[in-house]
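Working notes, beginning with the structure itself.
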Amino acid sequence: MKTKNIQRIIKDCMHYDAKAQQFLYDMYAPKMMELCLRYTKNKNDAEDIFQEGFIKVFGKIHQLKNTDTLEWWIKRIFINEALQLLKQRKKLAFVQSSITTNLANREAEEIIGRMEVEEITRLIRKLPSGMQMVFNLYIIEGLSHKEIAELMGISEGTSKSQLHDARKILKEKVLQNDKINI
Amino acid sequence: MEKNLHNESFDKLLRSKYRNEKVQPEAYLWKNIQSQLPSAPLPVKSWHLSKVIYIGGSIIAALGIAAVLIYYFSLKPDSVSSSRLHSDETILIKQPVREKRTKNNNLLIKTTQQADKPAATKPLLGKESEKRFQLQRSGHLSLIKENTKNHLTKNSIQQHNLRKKNTTTTSGLVPIVSHITSMQSLGFPRPKITQPMSTKWHASMLKHKLTVYQAVKKENKKKKRKKKKTYIQHPWSLEIYWRPEYSYRTLASNPSYTKDVFTTSYFDKRDQYKFTYSYGLLFDYRFLPKFSIESGLAYYSYELGFSTPGTDLIKKDNHNALVYTSLGTVALNIENVDSLNTKTILSSSIGIHYLSLPINLKFYPANNLFINVGTTIDYNFSQTLNWEEENENGNFNVESGEISGINRFNISVILGLGYEQQILRNMSFSINPGIRIHLINLNRHSTVKSFPYHAGFRLCLQYKF
């Protein structure tokens, strides 16, 4: 979509134009729904975040300064929503894992390569909440440990250790899942 | 090292898997979201065309008025001077004639009533020409009589008898006709002589009159030029001004908005006057002794105070709320919206900043006094909102975005009176109280129509060059 059109849509959204709002929703809803599912433990929570996130997007759209970063700006709102939900429910826990995996690196990649995204998401959702958050932010969104630390209010070390453990647990879960499927 | 590389490829694999991943949400989610979104104002008429008509119309009207004034006042001095130039001659032509007959030779001489009366206005002549004109006015008849007498005594009786016989003929005037015609084409009035006289004398008389007329005309032109120079010695001047002023607005209901809560009286209770300043750098051109036009670049801001109890906010969630001002809707981000109550007063100073292009016409009815009428084309380049909150439990952190829908362009009219005082040879100072009124509604999306006005006085330094 051309930048001019996007700018026009955003401008109309600022004026609470229903058509423009629906257009923006249709553009980003599938991506954001996927994000919400990845950051939560169940579908209900995902839908709560999804709704609250879009209400905030339309409520704060006048604060958007650069239309080129629209997608990231929307994502940040949804991530913040997910984070707030976890904090509110006091479910954001950073646990240490003592799991050791015997899965060879290449083998893990092969299994993941074969897996459907929905299956991987299902496994990611089984990670402890802190790990799930850090894993999503670092691996899928591509944030640095520093940025994650600032966003979540934790230290960079915690972020790193959580990511390390998340990888280990996910690999283990991938292996278990593969065995079940076989 | 190997571990890191593996992690990297593992991460990349996962990232690529999620790159274009989408999950279609349930349809009811959008309905839920829609029901919680801020209500959209009813569609308003396309304002682009009306804006163009407003701006274009105002510019054309301003230029038209200026052109008419310039044309009118530039013509006036000319017409005055031309009437002065021909004052004597015109009177002589227009006044009814009366006939006189000389005692001696029974010559019929036509003259005017005006010829016996003293001059009403002093003709603009040199010494010689003035003398001639005096002669014309006071003694046109006697001059002709005298000359005729002299002429008769000098000429033979035969010539006299011949002339006596030919009183009714015009044969003696034939050679002069072409001369008279050429004089008339120059605007010189037709001579009032019906008496046949010496051709030589008459020709010399008319020639002399023509010379006098040309001299008068030349002299008048010179005077006119001199006058212009003395009137407007410095037509151009550069002005810098500072204008303290109070801003407020008049409100009108917006027919495209139907919510009862946002009536004009709701905002009248909550809006407050604000004090502000404007600045400008202008060029002034004095195109006529009593008129000047000024234009340039100016900055001004429309400031409005606004306060509302916390309970009047339209809460969206725990952090977000909407507040309706007479200028439009503002989205607020507050730490904990639910904790706001009737004792919490949110107040804001809202500033709409404009760069404007003024076109101002000044009329000087007296030496130092002037009346100014003008229009400005205003461009809204920014706005500021400073929120403050009072609460017995402590302060909240309120952040807000800009008011959406504020018109980028506006047009206002300026009216004022002024006093100008010269302080140095090329410098003068003026004080100019006046008002500025916006002609276009500030925000088409607001629940009410708001037309700001400013009242203040302009302090201006003027450098003439």
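Across A:Ser159, A:Ser129, A:Ser144, mean-square fluctuation computed from a Gaussian network of chain A (C-alpha pairs under 10 Å connected) peaks at A:Ser144.
About its Cα centre, what dipole magnitude does region B:275-402 give when the only charges are +1 on Lys and Arg Cβ and -1 on Asp and Glu Cβ, stated in debye to the nearest 20?
Values: 6 positive and 14 negative charges, 169 e Å.
The dipole of region B:275-402 has a size of about 820 debye.
Residues of A:156-168, mean number of Cβ from any other protein chain within 10 Å of their own Cβ, rounded to a whole number? Show your work: numbers first, answer last.
Details: counts 0, 0, 0, 0, 0, 0, 0, 2, 2, 0, 0, 5, 0.
Averaged over the peptide's residues, the number is 1.
Measure nothing fancy, just the Cα-based angle from helix A:3-14's long axis to the longest principal axis of chain A, in degrees from 0 to 90, nearest 10. So the helix axis and the longest Cα principal axis differ by about 80 degrees. Secondary-structure-derived ellipticity at 222 nm for chain A, considering helices only, amounts to -23000 deg cm²/dmol, per-run term -39500 (n - 2.57) for DSSP H runs with n ≥ 4.
Inter-label distance, B:Asn336 to B:Ser253: 4.0 nm, where each label sits 7 Å from its Cα along the C-beta direction. Shape class for region A:1-64, computed from the alpha carbon gyration tensor (a ≥ b ≥ c): prolate, with a/c not under 1.5 and a/b above b/c. Relative contact order, percent, of chain A when contacts are C-alpha pairs under 8 Å separated by at least 6 residues? Value for chain A: 22 percent.
Here region A:114-143 and region B:347-420 have alpha carbon centers that stand 53 Å from each other. Going from the residue with the fewest nearby Cβ atoms within 10 Å to the one with the most, A:Ile169, B:Ile350, B:Ile53 rank B:Ile53, A:Ile169, B:Ile350. Partner chain Cβ atoms within 10 Å, averaged over the residues of A:116-122 - can you pull that number for me? Average neighbour count from other chains, rounded to a whole number: 3. Rounded to the nearest 10 degrees, the inclination of helix A:43-60 to the longest alpha-carbon principal axis of chain A is 30 degrees.
Checked against a 23 Å cut-off, the cross-linked pairs A:Lys90/B:Lys12; B:Lys22/B:Lys316; A:Lys31/A:Lys56; B:Lys222/B:Lys464; A:Lys43/A:Lys126 give Cα-Cα distances beyond that limit for A:Lys90/B:Lys12; B:Lys22/B:Lys316; B:Lys222/B:Lys464. Between the Cα long axis of helix A:105-114 and the first principal axis of chain A there is an angle of about 50°, rounded to the nearest 10. Taking region B:355-378 and a reference point 7 angstrom along Cα→Cβ of B:Val413, the backbone N atoms nearer than 12 Å belong to B:373-376.
Could you tell me which of rounded, prolate or oblate describes region B:268-340, using a ≥ b ≥ c as the square roots of the eigenvalues of the alpha-carbon gyration tensor, with rounded for a/c under 1.5 and, failing that, prolate when a/b is larger than b/c and oblate otherwise? Let's see the in-between values first.
Values: a/c = 4.98, a/b = 3.65, b/c = 1.36.
Cα axes put region B:268-340 in the prolate bin.
Legend: mean number of C-beta atoms from other chains within 10 angstrom of residue C-beta atoms, peptide A:58-68, equals 4. How high is the FRET efficiency between B:Met427 and B:Ala366 when r is their beta carbon distance and R₀ equals 22 Å, given to the nearest 0.05? About 0.60, to the nearest 0.05.
Ordered by the count of other Cβ atoms within 10 Å of each Cβ, fewest first, B:Phe287, B:Phe381 give B:Phe381, B:Phe287.
No lab work stands behind these numbers, since they all come straight from the coordinates. Quick caveat, the model's predicted, so the values are computed rather than measured. Quick reminder, even Gly has a Cβ in these numbers, built from the backbone with ideal geometry, and neighbours come from all protein chains shown.
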